[in-house]
Each structure stands twice: as structure tokens, then as C-alpha cells.
Amino acid sequence: MIRKYRIGNPIPTDSVIEDIPVSQDGIPYFNVDEEAKELSLFLEKEDKIFGLGETVRGMNKRGWLYTSNNTDDPNHTENKHSLYASQNFFVVLSKKRKFGVYVDTPGKVSFDIGYTSLDKLAVVFEDFDADIYIVTGEGVLDIVTGFRKIIGRSYIPPRWAFGFGQSRWSYMTADEVREVADKYEEAGIPLNMIYLDIDYMERYKDFTVDESSFPEFPKFVEEMKTRGIHLVPIIDAGVKIEEGYDVYEEGVKRGFFVKKDNGENLVAAVWPGRVHFPDFLNDEARAWFGDKYKVLTDQGIDGFWNDMNEPAIFYTEDHLGEVFEQIEDFKGKNLDIDSFFAFKELVGSIDNNPEDYKRFYHEYKGRKIRHDKVHNIFGYNMTRAAGEAFERISPDKRILMFSRSSYIGMHRYAGVWHGDNQSWWSHLLLNIQQLPALNMCGFLYTGADIGGFGSDTTEDLVLRWTAFGIFTPLFRNHSALGTRRQELYGFENIPSFRNIVRLRYALIPYLYSEFMKAAMGSRMLFKPLCFEYGDDRSSQVEDQLLLGESIMLAPIYTQNAEGRYVYLPEDMKLVRFRAYDDYDEEIMNAGDHYVRAGLDEILVYVRKGHALPLAEPGQGLEEVTASQLKYICYEAEPKSYELYSDDGISRL
Ligand code: GLC
């Protein structure tokens, strides 16, 4: 059951699509403190908190302060409070009580979950205006499904988007892209997507292609497609200010860019230098920007990633001016303990400055609203612009799209990637831990930059991360400019990478079926163990996942580990894959085990009463029928498995 409560006068977010009347009763469970702008809840010792989507720290969110304030921060360390997304749904779970809470507000809100006080959960608002949804149900999975039903069906990508993708900031020319494709082919590692980062554009201008480095682009797109490779270009939120650039000129003429209080268009800067930001919250501007994607779909493009849409701001012209003025005061000075840090702070205040988010306004649902009040739905609306336009541009076929910034509601239009992680073992664990929380909030098509985006990677990290990544819907290796190359063919153990990636393809019938069942049935694809198993030990496990109905994963995420401890909540069958057609099976009893796993092995635990279908090689991304599959089961007798099948491309 779901009840809706209202505090203040909330700005709508369009995240909930069901019309639920506002209850006049008091909000259950919570204490309301208007003065402190806070809802609070006493936490029992046994209460665990799950959810909040893409955040730092573990699965049980207890013990930290999380702030929904979409931020371009490439250092996802434990001390952070905000990442790129605001996904304000969580569940309080213990044997005694279970309920879900969705805090729907487009502005800044903090979730103090046993941070200030160990046994208190406080939702602290900047503006005390929000719709609060309290979701109850028999079990935690019913609660999640109940919530997911009111926010609408999750985005469904084309089936080819379950293939493997290679990315890099940036492949600079068409020939460099060809070389990547060739080398994958030579290495015998399947590949279905190559991502084009910002340098494919002409001076970082959205919806342009650099003619000199990518000549005859439509032909090139076609050439790659005949090799089974979709090119997926990036689109950034900022529109370059440049005379003669049509997107800029049209946007200015039609008044579609965000404005300052005095009515002038805000001048900010991102990759291209000075930009204007489209007012994605304005219906007309959103439709206009969305239609621009047609420039690329007309050239054969059928997938996109939307970036820098928190929005990331290198500087605003106004604040930069202030900084230059103030910097004069420091010139020639002996910078001491006070002035040195003041100087550093001044220089450090240039990018992503909270004050800059108060400098501009949106035309949203007939009202002029200052950006910071709706900050967390900006990236959502950029992606919504594209999603709504795709329904017009490509009414029959699905288009691949994922975004960096998000808010609940965006899950209907696209997936997300987990942003600029690092080539750190701890970020492989973070990847594992973020997945169920994202699923709770409706985001099913997700994946992290495999191998890590920032920092130099190592071959063993890429091996272990790829061995986990084959299970995530978005399966993409991406890395930053200036870091060690991490295309799989560049490492020594090519046969191991080949076997791992091929196993992904053998698993696609299962992964796609489970994904589709989760999308259609508003269910989770990745679950913490305790969402299905009621024993106390299961609720302590933060580094294993249930994936779909049939399997459990216990990935290795530490360097030099030859194995790891694995907890089995019930008897399961361990399948030790060296390749899709080379594996051992072993029945294991419930309980704790130390399980060895070589760098070239992928371990899957098959649950009792379920089946894991495996495709034969060569079938790649094509649809397969149930009879063409091999089934691995715990039992000697094969169990039935409901294979989901469709053409993989028609809109549903
Ligand atoms: C941002 C994105 C990253 C991309 C880079 C250059 O940092 O998160 O994925 O490679 O910008 O476009």
C-alpha cells in the first residue's frame, strides 16, 4: 500500500506517474519538525536501511550522511556526501518492521542515517517542501515493486546494448576507431559498441561531427554497423557559444537557454569554453533540444550517452570575473596560514560552485524558478528531452541511452552509468554495492566504467572487473584521457579476456530475460541476499548479489586474492567457468566457505529449483530459442526456465 503526504508546497518532479490523493493524516513513523526542516525516525538496533541509488559506502546505508545534490565529482571516496544522482527512495528493514520512503523534492535534501546520532534517521531539507510517499507491503520486494509501479516502467534498451562496448576518452579519428575494431577482431573478443567521447565533435559542439577526423560520417557509421558495431556518441549539456553554430543561434533566438535574474542568458563554461545551458525544464526548449538528436540519428546513430548534466560548470563568467578581481589582493603578498588558504579557496571556488547554481532560472510549468530549487532534476530533464524526442524520431525502434546525472523518473527514459570512478579495487566493490540500490529506484540498465575511469589500471583489476562486469546490463570498458590504455586486447592474457567476454554472450539469453522480467514486472535484477533470505547472516552480506531468479554472485574485488569467503544462505551449485564451454560443477552446502578463484575463472552459484540457460557460441546477440540452450541446474532433473523472447528492437 502507498500513501502520499505533503509538506509545504512542493515543486513537481514528474517522477511519480500515478495519481495518488494526498492523505490528511500525519506522516507515519516520522516526527515532523518544521523549524528544523526535518523528518526524523528512531532507528531500532536491528533496522537496516537500503536504497538511495548511486551513493558512496555499502549496501546498508546506516552510519553516514548522504546529500542529494547532483555533483560532478570524480573522486567517489567514502568521505563524500553527494555523487551525480539523487534517488531519494529507501527502505527501512528489520524482522519487526519494513516500509519504504520516497522523498520527492527537486532541491537539496540530506539523509542523515545514524550519522549525527547512531539511532536516528533524519531527512533534512533545504526547503521544507516535498511529497512523501510511505510504501508498505508484505516483504521488502513487494515494497520495492509497489514503489516502482507508481514511478512507471523502467527504460528498455535494444538487445544489442547487452553486448560488450569499448570506450576511451577519446578515440580521435575514424581510423583509430577502426583500429580498435580490428584489434578486437584479431583477439577474437566480441565487441558491439564503440563509444565516441567529446573529440568526435567539432570543437565540442553538440550535434556536430568533426569532418576532418571523421569524414563521411554516415558512411563510417554504416561501415561499423556491417561489422556489428554501433557507434555511441556522447552529448554534453552545455551548448557552445559561437556565431554561426545553429544550435546556439536558434537557442538564443527562441529564448531556450537558462537566464539570470536580469534576463540575460547565463554564460558558463565546460569543454568548449563558454556555453549556454538549454532550459530542459521548459517544455518547448526540451522538445527543441530533443529534436536535435535527429541530426545524428539521421546519420545512422542509434545510441547516446548524456554527460556533464548535473550540470557540471567549470566556471561562470560572472564568478570568474569576481575571482580575477579578488586575486589582485593576493599579488606580491607573503601568503601565510590565513592568506594562503584563503587564496586556495578563492581559486578552488571556480568550478561547480554552489553559488553559481543560484545565478540562473528556469521556466518550469509556468513559473520562474531559481536553479538550485530544481537542481536535481536538470540532468533528468536533459535525458527526458532525448527520450521524448526518440518517441517521435524513432517510433518503432528502441534507442540506447544512458546518462550521468539522474533523478527518479529519468529511469523511464534511459539508464545510467556510475560516472567517473577510478581504477581502484574499492571501486569494483562500490560498483557491486550500488547496483541493488539503483534497481530499487527504477534504474535497471546500469553499469560502471569497467577497469576504472581515472588512474592507471592493472591487468588483474581489469580481469576481475570484467569478470563481474559481464553480469551488468551496461557492459562497457571506459577510461580517461592520460591514463594507461585498457582495451582488453592490449593486455597479456588475451585468451582469458576472450573467454570472459564470450561467457557474457553465452549468458545473454539469461541476462536479457531477467532484465525484461524485472522491467515488465517492476522488479529488481540485482538483490542483496537479505531481500530473499530471512536469516541473520544474509543481512550482513554486503559483497554478494542475487542476479535474477537463478544465480548468486560473489565477485573477487581485492588485489592478489586467490579466493574469498562466500556465504551460502542455502545449498547451491557452484559453477566454475574457465570458458562458456569449459566448466566444473560442485554442490556446496549452506554456510560459510573459502572458495578459490583463479584470475581466469568466473564463479557462479546456481540456486536450488532454478535453471541457468547458456547459449552456444556463435549465437552472439541473435535471439535464441529455449531448445537451443543448455541448462545448468542444482538438481539432476532440469528445472523449467521462462525464457523471455522478443525481436530485441521494437519498442514495447
Ligand atoms: C566526463 C565523463 C567521462 C568522459 C569525460 C570526457 O568526465 O564522465 O565519462 O570521458 O567527461 O567527455
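The values are calculated or read from the model by the stated rules, or taken from the named source; none is laboratory data. Worth saying up front: this structure is predicted, and the values here are computed from it rather than measured. Neighbour counts run over all protein chains shown; Cβ positions are idealised from the backbone, glycine included. Surface accessibility is based on the protein's heavy atoms, side chains included, excluding ligands, DNA and RNA. Shrake-Rupley method; radii C 1.70, N 1.55, O 1.52, S 1.80 Å.
Just a few scattered comments:
- So Ile17, is it touching a residue at least 60 places away in the same chain (Cβ under 8 Å), part of a loop (DSSP other than H, G, I, E, B) and buried (at least 18 other Cβ atoms within 10 Å of the Cβ): no
- Set side by side, the residues Ala389, Ala467, Ala414 differ, and just one is away from the ligand (no atom under 14 Å from the Cβ), small (Gly, Ala, Ser) and open to solvent by 10 Å² or more (accessible area, probe 1.4 Å), which is Ala467.
- Matching entry among Arg153, Arg178, Arg203 (being within 15 Å of the ligand (Cβ to nearest atom) and open to solvent by 20 Å² or more (accessible area, probe 1.4 Å)): Arg203
- A count restricted to region 526-551 and to residues that are closer than 19 Å to Ile602 by Cβ and outside any loop (DSSP other than H, G, I, E, B) stands at 5.
- Within region 271-294, none of the residues are over 30 Å from Arg476 (Cβ atoms) and of a type in the set (Ser, Thr, Tyr).
- Here Ile235 passes the criteria (1) closer than 30 Å to Pro190 by Cα; (2) away from the ligand (no atom under 16 Å from the Cβ) except the one numbered (2).
- Phe214 vs. criteria touching a residue at least 24 places away in the same chain (Cβ under 8 Å), in a loop (DSSP other than H, G, I, E, B) and open to solvent by 10 Å² or more (accessible area, probe 1.4 Å): no
- Hey, Glu586 within 26 Å of Trp465 (Cα to Cα) and either among the hydroxyl-bearing types (Ser, Thr, Tyr) or in a strand (DSSP E or B) (or both) or not: yes
- When the test is whether a residue is open to solvent by 50 Å² or more (accessible area, probe 1.4 Å), within 26 Å of Met516 (Cβ to Cβ) and over 28 Å from the mean Cα position of the chain (by Cα), Glu585 does not pass it.
- Of the residues contained in region 325-342, none is found to be under 32 Å from the mean Cα position of the chain (by Cα), within 22 Å of Leu266 (Cβ to Cβ) and outside any loop (DSSP other than H, G, I, E, B).
- Condition check for Lys48: touching a residue at least 60 places away in the same chain (Cβ under 8 Å), open to solvent by 20 Å² or more (accessible area, probe 1.4 Å) and closer than 30 Å to Thr383 by Cβ: no
- Residue in region 183-200 that is of a type in the set (Phe, Trp, Tyr) and surrounded by fewer than 21 Cβ atoms within 10 Å (Cβ to Cβ) present: no
- Members of region 254-281 that are among the charged types (D, E, K, R) and either free of Cβ contacts under 8 Å to residues at least 40 places away in the same chain or under 17 Å from Glu310 (Cβ atoms) (or both): Arg254, Glu264, Asp279
- Positions within region 130-150 being among the charged types (D, E, K, R) and open to solvent by 10 Å² or more (accessible area, probe 1.4 Å), in sequence order: Asp131, Glu138, Asp142, Lys149
Residue-by-condition table, conditions (1) part of a strand (DSSP E or B); (2) touching a Leu at 6+ places or on another chain (Cβ under 6 Å); (3) closer than 30 Å to Arg537 by Cβ:
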{"site": "Arg564", "(1), (2), (3)": "yes, no, yes"}
{"site": "Lys573", "(1), (2), (3)": "yes, no, yes"}
{"site": "Arg576", "(1), (2), (3)": "yes, yes, yes"}
{"site": "Tyr594", "(1), (2), (3)": "yes, no, yes"}
{"site": "Lys639", "(1), (2), (3)": "no, no, yes"}
{"site": "Leu643", "(1), (2), (3)": "no, no, no"}
{"site": "Gly648", "(1), (2), (3)": "no, no, no"}
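One line per residue, one yes/no per condition, for (1) open to solvent by less than 80 Å² (accessible area, probe 1.4 Å); (2) more than 16 Å from the ligand (Cβ to nearest atom):
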residue: Ala312; (1), (2): yes, no
residue: Thr316; (1), (2): yes, yes
residue: Glu322; (1), (2): yes, yes
residue: Asp329; (1), (2): no, yes
residue: Lys333; (1), (2): no, yes
residue: Ser339; (1), (2): yes, yes
residue: Ser349; (1), (2): yes, yes
residue: His362; (1), (2): yes, yes
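- Region 96-201 holds strands (runs of 3 or more DSSP E) entirely within its bounds, and those carrying 2 or more residues that are under 30 Å from Asp19 (Cβ atoms) and charged (D, E, K, R) map to 98-104.
- Condition check for Tyr66: touching a Phe, Trp or Tyr at 6+ places or on another chain (Cβ under 7 Å) and either among the β-branched types (Val, Ile, Thr) or at pLDDT 95 or above (or both): yes
- Pairs, first among the aliphatic types (A, V, I, L, M) in region 480-496, second within 16 Å of the ligand (Cβ to nearest atom), C-beta under 6 Å, six or more apart: Ala480/Trp169; Ala480/Phe453; Ala480/Gly454; Leu481/Trp169
- Test: Phe378 is at pLDDT 95 or above and away from the ligand (no atom under 16 Å from the Cβ): no
- Count of region 448-464 residues which are within 15 Å of the ligand (Cβ to nearest atom) and either among the hydroxyl-bearing types (Ser, Thr, Tyr) or crowded, with 23+ Cβ neighbours inside 10 Å (or both): 8
- Residue within region 290-305 that is more than 24 Å from the chain's Cα centre (by Cα), buried (at least 17 other Cβ atoms within 10 Å of the Cβ), within 15 Å of Arg359 (Cα to Cα) and more than 16 Å from the ligand (Cβ to nearest atom) present: no
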